[in-house]
Structures are given as C-alpha cells and as structure tokens.
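Written out below as structure tokens is the structure these notes cover.
Please treat every number below as a calculation from the coordinates, not as lab data. Predicted model only: the values in this text are computed from it and were never measured. No Cβ is skipped: glycine too gets one built from the backbone with ideal geometry, and neighbour counts run over all protein chains shown.
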Amino acid sequence: MLLDYHIHALAHGEYDYDEFWIRLFAENARQKKLVEIGFSEHDEYLPRIKPDKLKRVQEDFPKLKIRIGLEVDYHPGREEEIQRMLAGSNYDYIIGSIHFIDGWGFDHPDFKDQFATQDIDDIYADYFSLVNQAVNSRLFDVVGHMDLIKIWGHRPVKQSVQAYVEPVLNSIKAARMVIEINSSGLRKPVGEIYPAREIMELMLALDIPITLGSDAHHPSQLGEGLEEAACLAKEVGYRQLVTFSNRRRELIEIG
Ligand SMILES: [Zn+2]
Ligand SMILES: [Zn+2]
C-alpha cells in the first residue's frame, strides 16, 4: 500500500484552493491506487486553505483517505509563532522542514550560486544543525526532505554525510518523530530520493519510522517516484509506513 503525505495544492501560491483543483489530485491518487493522501501546504499560505472545499472532495472519494497536514518552515526563533499557529488546529500531521539557512533560500534555483561562495562542509553543518533544532523544538511529527541540502548535487568533503546526520537521527529518535521518504529529489539535479540510502540504513538501525511523500506541486506530480521510494525503503529493510489521523499514528504494510 502506498500513500502520499506531501502535497501542495497551492504550490507556491500560483494556484487556488478550489474544489475542481483539489479533485484533480484525488482523481490522480485513485488512478494510482494510493490508499491515502495528505495535503501539506506551506504554512505561509495557511490563510488560503479552505477546509470546506476539501471536505466536499473528501465526501466524493469515500474510499480514499484524504488527510490534512501542514509543512511548516522552521527557523530558530519561530517556535512561539508556530506554537500559536498550531494551537487549537486539527491537522492530521505537521511536517517540519528547513528551506533557509540564515535567510538563504538554498533550494531555490535563483540562489544556488551561493553554494560556491562558502565551504560546503560548513553549509552541511549549518543545515543539519537547523534540522536538529527543528526536531528539538518538538513541534512537528515528520521531518521533511531530511537531506534537502544535496538538491544541486553538492557533497561534503571533510566528513561523510552520515557524520552530519547521526546526531540529528539520535534527536529524531528521542523526539519519537517520523522521517518522510520524499521522492521529489528524483526530479531535481541531484536525482536522488531524500534521504539517501546510507541515511535510511542508519534510520532503520535506530528503528525510526517512515512515511512517504512526493512533494507534488501539481496534480500530475502526485505519487510520482513513490514506488521507487517504497522500493528503496524495502531494500533497506523497512516493512511499514506511518499513517496519521489527528496527529496520532498507525502503521500499515508498505505495498
Ligand atoms: Zn519543503
Ligand atoms: Zn513541500
């Protein structure tokens, strides 16, 4: 069984949250035989989410579980604001993600040249330190695209990526968080799933649970790469995926 918990109907604000548009995602999910999907808009577009529209689509697809999550952009100092934003809400799950290092939108093509102006190992250290802080904030259920920093293909040289990741994984274990296997890296220059196999192996050794997401920003991207992601997870030794409802989790077998 496959599911897609990382979907942006609003993309980066270029689409509207209307019923017709939401329905296209659900139809694609049905076609691809996904058992569950979850919309996880970027929190900056939160005011544009219309739960009533989603509800109508949910009613039209009774066999497909349609969850509502949120992808929150974490940076240090935002904790209280995030806490306030989530208070009293009824999301099924919250993804915590790092998209900026000190204001630098490193995953945006317009700003990727900045990789050349800094020591790559410093960049890796800064990025994973931010992921660690996001985890330790205990505000989130899921770690989003864990090794996104590799997006353009830059690799650390002074030490292995595992060395950067290991302390973060220990924090994730302690925080009882889930890591998503995010297939969107397959359509980026790095051409790899987030996180990489060698990280997944460390995750499994720590018994850190996983879920799946395509990071679709368009209905056509829904579910894209998830079979490959699930296949890799199974090769590493994973057998189950986490599903969320009202921020409580259950396990299902990977299809
Ligand atoms: Zn993201
Ligand atoms: Zn996303």
DSSP bridge pairs, the chain: antiparallel proportion in percent, nearest 5: 25 percent
For the range 93-225, share of DSSP beta bridges that run antiparallel, in % to the nearest 5: 20 percent
Listed peptides 42-48, 181-187 by packing density, highest first (mean Cβ within 10 Å): 181-187, 42-48
Cα gyration tensor category, rounded, prolate or oblate, for the range 139-199 with a/c compared to 1.5: oblate
Three-way shape label, the range 157-255, alpha-carbon gyration tensor, a/c 1.5: oblate
As computed over the range 3-253, the Cα convex hull volume per residue (Å³): 118 Å³
Set LYS32/LYS188; LYS55/LYS150; LYS173/LYS234 screened for pairs whose C-alpha atoms are more than 28 Å apart: LYS55/LYS150
DSSP-loop chymotrypsin sites (Phe, Trp or Tyr not before Pro) across the range 111-201, with at most 14 other Cβ within 10 angstrom: TRP152
Dipole magnitude (debye, nearest 20) for the chain, charges at Cβ of Lys, Arg, Asp, Glu: 860 debye
Within the range 174-255, percent of DSSP bridges classed antiparallel, to nearest 5: 65 percent
